[in-house]
Amino acid sequence: MFYICSEKHSDKVRRRRKENAVKMGKMAMESSFMVFVCLIYCVSSSLTQAQVFDVTKYGAKADGSTDMAQAMKTAWTEACASPSPSTILIPRGTFLMSQVSLGGPCKSSMAVQLQGTVKAPADPAQTKGDSWIVIRNINGFKLNGGGTFDGQGKIAWTKNDCHLKKKCTNLPINLRFDFVTNALIQDITTLDSKQFHVNVLGCKNITFQHVTVTAPGDSPNTDGIHIGRSNGVTIVDSIIQTGDDCVSIGDGSQQINITGVTCGPGHGISVGSLGKWKNEEPVVGIFVKNCTITGTMNGVRIKTWPASPAGIATDMHFEDIIMNDVGNPVLIDQEYCPWNQCTDGVPSRVKVSKVSFKNIRGTSSTQVAVQLSCSKALPCEEVELADIDLTFHATNGTATSVCDNIKPVISGTQNPPICSTTSTAQPA
């Protein structure tokens, strides 16, 4: 009996040992599998995370004098060829960079993180054409980092001759975006550009957020952001202080949203000028809202050239705008003729329609606070003014309005009384 019991006990022990061995094997296999899965996950994660291409690894030096253009081009070429998202890093410090053109298409999304300051050559003769930095033909792009593009424009401004001839001398634009789709430009500064600070051409779905533009109020032709032939451009929560239009909107612009922009000094926020050239494309869907304009030559305006080819500007809306000591706060000017470079007296053929100015309030530095001077050949249609409250800041006189070739729809507050006077006088 004892032998039998001992044999049964030994069998139980063996079975338990076998079961334990099997369990241990399973645990080992599961552990190995988990390690394998973890390795695969880590590798795949590293592949999907953005690769960083630091320009200092390509020869760029933060000494303010060594040209980093070639380092930037090489870093861009390698990043653009990468199948995973890529970031080009320009670290803290001051870098000098001559003219660069950075193009796609790229294999994946691209980003440039500017942490430092990049300076352009001070002499405009060292840059060919009209652009310093060009980003073109790319889908999925981001520019951020808190840094500054310094155009060093003081020498170039003395060479600006737009007031002397119709075809101005080409001066470099700080940043040019050509045919860029799905882009975010965020937390960067453009300083003292030689010409426009930012030019947007042929782009789709591009957003400028927390962008700062800075140049003296007397710097010529230094528009903050100029938009042309682009669809879906958003400018939000940005500060623009310059010598020309804070934002200028050219032909072919559609679905443009400008919100929370602080503008001044400068020439205000403008649609146009339109009608200077043949075959201009329609402007459709402009929305300017919740902006503050201070000390500018103009406020919100639409401007077209006289004697123009046929054109269309429609569905344009300006709402919730604060004016602080602004000249011509509300302005439609279809006789725009700077420096008398036009055929005066021949009406504009750009049709302006479906326009609204609502809840615009503050102070005007010109006695004519509202001027609606439309084309006598194609009078403005479907123009609405509601809750306009603008006072002339001078101690003598009160704000007035001027209307030509227009019968606006008026509601709410009317200060000054709208269309109380008709005149063909040119605004300052």
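Which number do you get for Rg(Cα) / (2.2 N^0.38 Å) in segment 77-116?
Dividing the Cα Rg of segment 77-116 by 2.2 N^0.38 Å gives 1.27.
Please work out the FRET efficiency for the pair Asn415 and Gln99, using the Cβ-Cβ distance as r and a Förster radius of 51 Å; give the result to the nearest 0.05.
Taking R0 as 51 Å, the efficiency between Asn415 and Gln99 is 0.50.
Could you give the length gained by full extension between Thr77 and Val52, i.e. 0.36 nm per residue of separation minus their alpha carbon distance, to one decimal place?
Result: 7.7 nm gained on full extension.
Run the quick spin-label model on Phe287 and Asp325: label points 7 Å from Cα toward the beta carbon, then report their separation in nm to one decimal.
The modelled label-to-label distance comes out at 3.3 nm.
Computed over the Cα atoms, what is the radius of gyration of segment 50-415 divided by 2.2 N^0.38 Å, N being its residue count?
1.02
For segment 258-379, report the convex hull volume of the alpha-carbon atoms normalised per residue, in Å³, without decimals.
On the way: hull volume 11.7 nm³, N = 122.
That works out to 96 Å³ per residue.
What number do you get for segment 169-240 when its Cα radius of gyration is normalised by 2.2 N^0.38 Å, N = residues?
With N residues counted in segment 169-240, Rg over 2.2 N^0.38 Å equals 1.05.
Could you work out the local net charge near Ala79, counting Lys and Arg as +1, Asp and Glu as -1, over the other residues with Cβ closer than 13 Å to its Cβ?
+2
Cross-link list Lys73/Lys204; Lys119/Lys142; Lys128/Lys351; Lys119/Lys278: which exceed 28 angstrom alpha carbon to alpha carbon?
Among Lys73/Lys204; Lys119/Lys142; Lys128/Lys351; Lys119/Lys278, the Cα-Cα distance tops 28 Å for Lys128/Lys351; Lys119/Lys278.
Using alpha-carbon positions, what is the distance between the centroids of segment 296-319 and segment 193-258, in Å?
Centre-to-centre (Cα) distance: 16 Å.
Grab the Cα-Cα distance for Ala394 and Val346, subtract it from 0.36 nm times how many residues apart they are, and report the gain in nm with one decimal.
Taking Ala394 through Val346 to full extension adds about 13.8 nm, to one decimal.
Over segment 111-162, what per residue volume does the convex hull of the Cα atoms give, in whole Å³?
107 Å³
Rule-based calculations on the coordinates, nothing more; no lab input. No experiment lies behind these values; they were computed from the predicted model shown. Don't worry about glycine lacking a Cβ; one is built from the backbone with ideal geometry, like all the others, and counts go over all protein chains shown.
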